[in-house]
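Asks: My questions will all concern the structure given below.
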Amino acid sequence: MGCGNCVDVCPGNPKAEGDYKLALKMVPFDPESEATKVESANWEYAVKKVSSKQSLVDVASNPKNSQFATPLFEFSGACSGCGETPYVKLITQLFGDREIVANATGCSSIYSGSIPSTPYTTNEKGQGPAWANSLFEDFCEFGLGMELANEKMRERIEKVMTEAIAADCTPADAKALFQSWIENKNNAEETKKLAEQIIPVIEAGKDKCAHCKQLVELEGYLVKRSQWIIGGDGASYDIGYGGLDHVIASGKDVNILVLDTEVYSNTGGQSSKATPLGAIAKFAASGKRVRKKDLGMIATTYGYVYVAQIAMGADQAQCLKAIREAEAYPGPSLIIAYAPCINHGLKAGMGKAQAEEAKAVECGYWHLWRFNPALEEEGKNPFILDSKEPDYSKFQDFLKGEVRYASVMKQFPNEAQELFNASEEMAKKRYQSYVRMTKMEY
């Protein structure tokens with residue numbers, strides 16, 4: 001993508017103590033050079049001749065293994081160094097072969113639906129995410145409708161299978177498969193295995209068995225789908241918040257991913273309820289004067305919603321664990337992902353977007369935590385604070401490393417320090433509120 005994040009992040013081999021040889025390096029691109037022609041041939045060979053080896057490892061077990069999985073989101077055309085796209089890509093690596101996406105309008109819809117091409121793709125079996133786009137204000141309801149429709153169709157499958165088991169016309173080899181599907185219909189991996197066995201049986205029996213004929217029409221719903229609802233902070237914290245609240249209150253099994261850039265990124269960087277105190281944005285030209293809304297903590301008050309705050313560059317293992325837990329949780333899930341944006345004006349450059357996430361957590365600007373209602377059923381505290389005690393001595397240096405804060409010092413020098421101090425105090429208060437949550441007894 002040209003940003004250089006891969007070079008910065010990809011681990012290398014140590015040459016000597018404190019001196020690491022990078023696994024990758026950026027070089028100028030010359031389309032006419034012999035080296036480029038060789039690499040082009042290598043690329044064509046890799047794409048057409050080399051098959052995925054992800055079946056050889058448990059791709060969900062750790063961050064390293066997850067990257068052996070074929071990405072079903074690639075070459076998005078987002079801004080170089082975009083903090084959002086790595087999360088979208090990771091989700092496709094984990095669940096892409098059965099993923100359904102309801103996408104809000106915004107940056108994520110622009111780079112996800114860049115017609116006539118699209119970054120969403122398919123695996124070797126032709127399976128991949130199904131994607132559709134709706135507006136700021138109703139993207140969560142849009143995704144909920146998909147889930148409700150899917151539930152209804154799967155209820156029909158169960159009804160037909162139950163009738164088939166009791167009928168004489170159903171092939172004998174199908175009855176055991178049908179019973180197994182009914183018992184495991186919400187187990188994603190089992191439904192994938194069963195679908196591969198059931199489809200040939202019902203296809204073969206559709207001309208003789210009325211139940212098989214009905215099931216052939218519904219075979220696309222045999223595999224448990226992974227329903228994702230994706231939007232930015234403007235849609236989630238702000239314009240579409242009423243819908244988001246309605247959907248998590250429904251109790252339905254949907255996963256909401258909030259790509260939190262702390263501004264309306266796609267429309268030019270306007271302030272949203274996710275914009276922190278002291279940051280400059282459109283409509284907050286002298287620095288925002290009120291604190292950031294804590295969307296995650298609001299969602300935890302329901303008690304039955306899985307909620308997590310993540311930052312991939314700060315803790316890849318926590319990021320992976322949160323996404324896996326959210327998808328596995330049989331109810332509504334909300335993941336809030338910190339995403340550095342070109343609107344932030346990173347002085348280090350967008351090639352350091354992942355490193356910026358690490359700095360944000362280290363200094364206490366952003367916090368990592370998970371709220372898993374399943375733990376409460378075991379008598380445990382559902383709130384887990386994954387962040388370490390922040391080093392607040394680095395907080396204001398972090399702010400000064402981004403133009404959205406540093407420009408306050410230039411334009412409003414008399415107020416800048418007061419705003420920065422207030423922003424730091426708000427971060428400390430938020431962290432302490434999380435610490436208190438870890439001490440609650442259940």
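The values are calculated or read from the model by the stated rules, or taken from the named source; none is laboratory data. None of these values were measured; they are calculated from a predicted model. FYI the Cβ positions are ideal-geometry reconstructions off the backbone, even for glycines, and counts take in every protein chain you see.
Asks: Among the residues of the range 289-308, write down those that are touching a strand residue (DSSP E or B) at 6+ places or on another chain (Cβ under 7 Å) and not in a helix (DSSP H, G or I). Spell out the reasoning first.
Replies: Initially, the range 289-308 is screened for residues touching a strand residue (DSSP E or B) at 6+ places or on another chain (Cβ under 7 Å), giving 295-296, 299-300, 305-308.
Passing the criteria: Val305, Tyr306, Val307, Ala308.
Asks: Now a separate question. Pairs needed: first member in the range 173-195, under 17 Å from Gly205 (Cα atoms); second member anywhere, among the polar types (S, T, N, Q) and surrounded by 14 or more Cβ atoms within 10 Å (Cβ to Cβ); C-beta distance under 7 Å; at least 6 residues apart or different chains.
Replies: Qualifying pairs under 7 Å: Leu177/Gln197; Leu194/Ser180; Leu194/Asn184.
Asks: Identify, by number, the condition in (1) farther than 20 Å from Asp138 by Cα; (2) modelled with pLDDT of 95 or more; (3) surrounded by fewer than 19 Cβ atoms within 10 Å (Cβ to Cβ) that Val307 doesn't meet.
Replies: Here Val307 clears every test but (3).
Asks: Keeping to the range 120-134, report how many residues are out of contact with any Asp or Glu (no Cβ under 9 Å at 6 or more places or on another chain) and crowded, with 17+ Cβ neighbours inside 10 Å.
Replies: The qualifying residues number 1.
Asks: Kindly indicate whether Leu144 is closer than 26 Å to Gly232 by Cβ, buried (at least 20 other Cβ atoms within 10 Å of the Cβ) and either without any contact (Cβ under 8 Å) to a residue 12 or more places away in the chain or of a type in the set (A, V, I, L, M) (or both). If you could, list the steps in order and put the result at the bottom.
Replies: On the way: closer than 26 Å to Gly232 by Cβ: yes; buried (at least 20 other Cβ atoms within 10 Å of the Cβ): yes; either without any contact (Cβ under 8 Å) to a residue 12 or more places away in the chain or of a type in the set (A, V, I, L, M) (or both): yes.
Criteria met by Leu144.
Asks: Among Val59, Val7, which is the only one that is surrounded by 12 or more Cβ atoms within 10 Å (Cβ to Cβ) and either on the phi > 0 side of the Ramachandran plot or free of Cβ contacts under 8 Å to residues at least 40 places away in the same chain (or both)? Lay out the reasoning, then the answer.
Replies: Working: Val7 fails: either on the phi > 0 side of the Ramachandran plot or free of Cβ contacts under 8 Å to residues at least 40 places away in the same chain (or both).
Just a single option satisfies the conditions, and that option is Val59.
Asks: Being under 21 Å from Ala149 (Cα atoms), of a type in the set (Asp, Glu) and assigned to a helix (DSSP H, G or I) narrows it down to one of Asp253, Asp245, so name that one. Give the steps one after another, and end with the answer.
Replies: Working: Asp253 fails: assigned to a helix (DSSP H, G or I).
On inspection, the qualifying residue turns out to be Asp245.
Asks: Restricting attention to the range 44-56, and to residues there that are under 19 Å from Glu74 (Cα atoms) and under 27 Å from the mean Cα position of the chain (by Cα), which single residue is surrounded by the most Cβ atoms within 10 Å (Cβ to Cβ)?
Replies: Restricting attention to the range 44-56, the residues satisfying the condition of being under 19 Å from Glu74 (Cα atoms) are 44-54.
From what is left, the residues that are under 27 Å from the mean Cα position of the chain (by Cα) are 47, 51-54.
On the way: Val47: 8, Ser51: 8, Ser52: 11, Lys53: 10, Gln54: 16.
Ranking the qualifying residues of the range 44-56, first place goes to Gln54.
Asks: Examine the range 128-137 for a residue that is outside any strand (DSSP E or B) and free of Cβ contacts under 8 Å to residues at least 24 places away in the same chain, and state whether such a residue exists.
Replies: No, the conditions are met nowhere in the range 128-137.
Asks: Being over 17 Å from Cys363 (Cα atoms) and not polar (S, T, N, Q) is the filter; apply it to the range 420-442 and report the residue that is surrounded by the most Cβ atoms within 10 Å (Cβ to Cβ). Please lay out each step first, then the result.
Replies: Of the residues in the range 420-442, the ones over 17 Å from Cys363 (Cα atoms) are 436-442.
Right, trim to not polar (S, T, N, Q) and you get 436-437, 439-442.
Values: Arg436: 11, Met437: 17, Lys439: 8, Met440: 9, Glu441: 5, Tyr442: 11.
So, considering only residues that are over 17 Å from Cys363 (Cα atoms) and not polar (S, T, N, Q), the one surrounded by the most Cβ atoms within 10 Å (Cβ to Cβ) is Met437.
Asks: Every residue in the range 19-56 that is more than 20 Å from Phe68 (Cα to Cα) and aromatic (Phe, Trp, Tyr), please.
Replies: From the range 19-56, those more than 20 Å from Phe68 (Cα to Cα) are 19-21, 25-41; that's our starting set.
Within the range 19-56, Tyr20, Phe29 meet the criteria.
Asks: Further question: Hey, among the residues in the range 364-416 that are aromatic (Phe, Trp, Tyr) and part of a helix (DSSP H, G or I), which one's farthest from Met350 (Cα to Cα)?
Replies: Tyr392
Asks: Would you check if Ala322 is under 29 Å from Tyr304 (Cβ atoms), aliphatic (A, V, I, L, M), in contact with a Phe, Trp or Tyr (Cβ under 6 Å, 6 or more places away or on another chain) and in a helix (DSSP H, G or I)?
Replies: Values: under 29 Å from Tyr304 (Cβ atoms): yes; aliphatic (A, V, I, L, M): yes; in contact with a Phe, Trp or Tyr (Cβ under 6 Å, 6 or more places away or on another chain): no; in a helix (DSSP H, G or I): yes.
Criteria not met by Ala322.
Asks: What number goes with the only condition from (1) modelled with pLDDT of 90 or more; (2) within 23 Å of Ala314 (Cβ to Cβ); (3) surrounded by 16 or more Cβ atoms within 10 Å (Cβ to Cβ) that Lys400 does not pass?
Replies: Condition not satisfied by Lys400: (3).
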